[in-house]
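What follows is a single structure, and I will ask about it in a moment.
The values are calculated or read from the model by the stated rules, or taken from the named source; none is laboratory data. What you see is a predicted model, and the numbers here were worked out from it, not measured in a lab. Cβ placement follows ideal geometry from the backbone for every residue including glycine, while neighbour counts extend to all protein chains displayed. Quick note on the areas: whole protein, heavy atoms, side chains included, nothing else; ligands and nucleic acids left out. Shrake-Rupley method; radii C 1.70, N 1.55, O 1.52, S 1.80 Å.
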Amino acid sequence: MALFTELKSYQALQAHFEQVKNVHMRDLFAQDADRFNKFSAKACGIELDYSKNRITDETKSLLLDLAREAKVEEKRDGMFNGARINTSEDRAVLHTALRNKSDKEVLVDGKDVMPEVRATLAKMKTFVEEVHNGVRKGYTGKKFTDVLAIGIGGSFLGPKIMTEALKPYKVEGLNVHFVANVDGAHIHDVLAKLPIETTLVLMSSKSFGTQETLKNTLTTKEWFLNNGGTFEDIAKHFMCVSSNIKAATEFGMDEDNIFPMWDWVGGRYSLWSAIGLPIALALGFDNFEELLNGAYDMDQHFLNAPLEENLPALLGVLGVWYINFFGAQSHVLLPYDHYLRGFPAYVQQLDMESNGKSATPTGDYLDYATGPVIWGGEGTNGQHAFHQLIHQGTVLIPADFIMPLHSQHEMTNHHAMLASNCFGQTQALMQGKTVEQVKAEFAGKGLTDAEIEKVAPQKVFEGNKPSNTILMDKLTPRALGQLIAMYEHKVFVQGIIWGINSFDQWGVELGKVLGNDVLAKLEDSSIELNGDSSTNALIERFRNRNA
Ligand SMILES: O=P(O)(O)OC[C@H]1O[C@H](O)[C@H](O)[C@@H](O)[C@@H]1O
């Protein structure tokens, strides 16, 4: 397989880049009154304005050639149809089957996975309703008031961040709490405020082997047993979601209390599976279904829209343009919506765990950049903090501004103010401020020419900083489903162009293995320290911390 940089379209893009790299977007807008219409697209309920990017018609067409030459469309179809595209783990990648609302079968090794998917959704629905209407009760016969969701990585970020994002849809009377970190401070603080008799514990671990999750669950079990619960009561209070049913039952989980998932669902793509139970418990099953419906809308768009209007494809190739041609190393996500404040952290795992790769599935090392550092934060707060670097720093940081047109609350004028900041920032980043404009501002202020010369460059904004603006009518469960799926598919498009496997995560796995090795040495000082001098010394410090 040809590496990305060996593709014909890559070479054409490189030549084109040399011609357009210094073109200013101010001029592109001035030359073409139709630029917004030309470079915006709408699908499902999402509108993408990508006109504030450093592109011309030719750039767009060459970037889409690149996507076509890399076979994005064929590989997209392969993913949806159950091809084993996660080659290092020999797995299909089928998070899209979890929200498949059609009656089409989805085959893995000739077997349709849809009956199991539907059966699990039905089990989830019954469970959620039974918790909500009090059919399921705690060991003293009281209705559940709290859910403690324990999990980490993909078994935490999606459920937590989406529950937070959809707070206005929360059902009354049930509070969902999340614990991920193995730092005892977190579980300690959360358990301290939970009522034992009415707390349901939901452990989520695809592998059922993640240290943090197992430890937090054991601590919760101890808390339960030490404060009035008995072994017989555990089945009423402890549930889990896992693809490793054997390990879950060995751990003591009642088989009826295990919600299955499958090896063809990656952790960071799993909120659509039973891993999404905390969302369904917090918001009601109908809202969870709406989230799935939204993702299905975007799946259909991704599958059927021509690349020219295909939101994930457009976002994907624009990212490649900045990373591989302009040398951008990060990408900032700026949700102008308080409830979406966690979204950058969600996409951070999705993107960086998927595309942080340095070799192809056929064994070639890459000599080009892959996934960017994803970061960000809630607008407008960032404007008073880190936006400075985006405006005037020397590194290029492409940005996604995300903005619902309607707020969740009717607070006079707040929303117009929020929107004005969002749109105003994209404009400022694009236009910048020229030295002439800065000098004109000094006129009549009594400064000498020498003083002006010295200060002016510090007040100049080069502008020409790219951004996408992603609008939706309102942050409903359906719109959120569309938004998440759009980013999932963007990451997919980029992974295909770079020729990498976006669905394994061996780097993170290494951390898990080394963590367990060091833990054994911390807990047993008779184990010989055979590592490097730094790690040995750190372990010694910990072993002797009471000396
Ligand atoms: O769900 P689990 O098996 O406990 O895994 C939780 C997390 O563990 C790892 O760190 C993986 O890299 C993540 O993708 C995964 O979501």
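Residue by residue, what Karplus-based ³J(HN,Hα) values in Hz, rounded to whole numbers, does region 219-234 have, using 6.51, -1.76 and 1.60 with θ = phi - 60° and x for Gly and Pro?
4, 5, 5, 4, 4, 5, 6, 7, 10, x, x, 10, 4, 5, 7, 4
List the lysines whose Cα sits under 25 Å from the Cα of Lys454, skipping any in the same chain fewer than 8 residues away.
Lys433, Lys439, Lys445, Lys465
Shifting gears a bit: Roughly how many Å² is the accessible area per residue of region 33-81, as a whole number, for a 1.4 Å probe?
I get 42 Å² per residue for region 33-81.
So for region 283-415, averaging the separation of alpha carbon pairs under 8 Å that are six or more residues apart and normalising by length, what relative contact order in percent results?
Here the relative contact order equals 29 percent.
Restricting the count to DSSP beta bridges whose residues both fall in region 56-205, what percent are antiparallel, rounded to a multiple of 5?
Around 30 percent of the beta bridges assigned by DSSP in region 56-205 are antiparallel ones.
OK, next. Just report the Cα centroid separation between region 7-49 and region 178-208, whole Å.
Centre-to-centre distance over Cα atoms comes out at 48 Å.
Then there's this: Taking a quarter of the surface of the Cα convex hull of region 374-522, what do you get in nm²?
Directional mean of the projected Cα hull area for region 374-522 stands at 16.2 nm².
Further question: Please report the equivalent ellipsoid semi-axes of region 507-547, computed as sqrt(5 x eigenvalue) of the Cα gyration tensor, largest first, in whole Å.
The equivalent ellipsoid of region 507-547 has semi-axes of 19, 11, 9 Å.
Compute for region 279-342: radius of gyration divided by Kirkwood radius, i.e. Rg/Rh, restricted to C-alpha atoms, rounded to two decimals. Intermediate results must be reported in sequence, preceding the final value.
Numbers: Rg = 16.0 Å, Rh = 14.6 Å.
Using Cα coordinates only, the ratio equals 1.10.
Continuing with this model, one more query. Under a point-charge model restricted to the Cβ atoms of Lys and Arg (+1) and Asp and Glu (-1), what is the dipole moment magnitude of the chain relative to its Cα centre, in debye to the nearest 20?
780 debye
Please state, rounded to one decimal and in Å, the Kirkwood hydrodynamic radius that region 227-364 gives when every pair of distinct Cα atoms enters the mean of 1/r.
18.8 Å
In region 169-239, which GluC sites (Glu not before Pro) are in a loop and have at most 16 other Cβ atoms within 10 Å, using DSSP for the loop call?
Glu172
Roughly what % of Cα-Cα distances in region 399-453 sit above 17 Å, to the whole percent?
58 percent
While we're looking at this one, here's another question. Of all accessible surface on the chain at a 1.4 Å probe, what whole percent is carbon and sulfur?
The nonpolar share, carbon plus sulfur, comes to 52 percent.
Next question. Per residue, what accessible area does region 367-459 have, given a 1.4 Å probe and all protein chains present, in Å²?
58 Å²
While we're looking at this one, here's another question. Antiparallel as a % of all DSSP beta bridges within the chain, to the nearest 5?
The antiparallel fraction comes to roughly 30 percent.
Let me ask another. Can you give me the Rg/Rh ratio for the chain, using Cα atoms for both radii and the Kirkwood formula for Rh? Walk me through the intermediate numbers first.
Working: Rg = 25.6 Å, Rh = 25.5 Å.
We get a ratio of 1.01 for the chain.
Which one, Ser534, Phe288, Phe302, projects farthest toward the positive side of the charge dipole computed for the chain from Cβ point charges (K/R +1, D/E -1)?
So the residue we want is Phe288.
Compute the relative contact order of the chain as a whole-number percentage, counting only Cα pairs closer than 8 Å that sit 6 or more residues apart in sequence.
19 percent
Taking all pairs of different Cα atoms in region 201-250, averaging 1/r and flipping that mean, what Kirkwood radius in angstroms comes out?
Evaluated on region 201-250, it is 11.2 Å.
Across all directions of projection, what mean area in square nanometres is found for the Cα convex hull of region 61-217?
Over all viewing directions, region 61-217 projects a mean Cα-hull area of 13.5 nm².
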